[in-house]
Amino acid sequence: YEVNPEYIKKIEENGMIFSGKYFDSNTDTLLMEYLEIPSNEFFIGTQSHPELNSSLENPNPIFISFIEHIFRRS
């Protein structure tokens, strides 16, 4: 799935932030990889696969942030 480029500006005007982008040189396209909603306490969405470069000894930062958030709430 991908974000339709025609809607990116409208989505951002309504509160979402595309905080991670990837330029696909094969298709000459800027892809939206991470999105956040700053008005929510914790909201991150991703098209990437952070689990593929994570391990118990070296977790991806997105997982560390999520766990830290849980501990702060408890």
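The set of residues from the stretch 21-39 being charged (D, E, K, R) and either at pLDDT 95 or above or under 16 Å from residue 50 (Cα atoms) (or both) comprises 21, 33, 36.
Cβ-Cβ contacts under 7 Å between residues 6 or more apart (or on different chains), taken from a first residue in the stretch 39-54 that is free of Cβ contacts under 8 Å to residues at least 40 places away in the same chain to a second residue that is in a loop (DSSP other than H, G, I, E, B) and not β-branched (Val, Ile, Thr), are listed as 39/15; 50/60; 53/60; 54/60. The residue that is farthest from residue 11 (Cα to Cα), among those in the stretch 43-74 that are touching an Asp or Glu at 6+ places or on another chain (Cβ under 9 Å) and of a type in the set (A, V, I, L, M, F, W, C), is 63.
The values are calculated or read from the model by the stated rules, or taken from the named source; none is laboratory data. What you see is a predicted model; the values in this text were computed from it and never measured. So basically every Cβ, Gly included, is an ideal-geometry build from the backbone, and we count neighbours across all protein chains shown.
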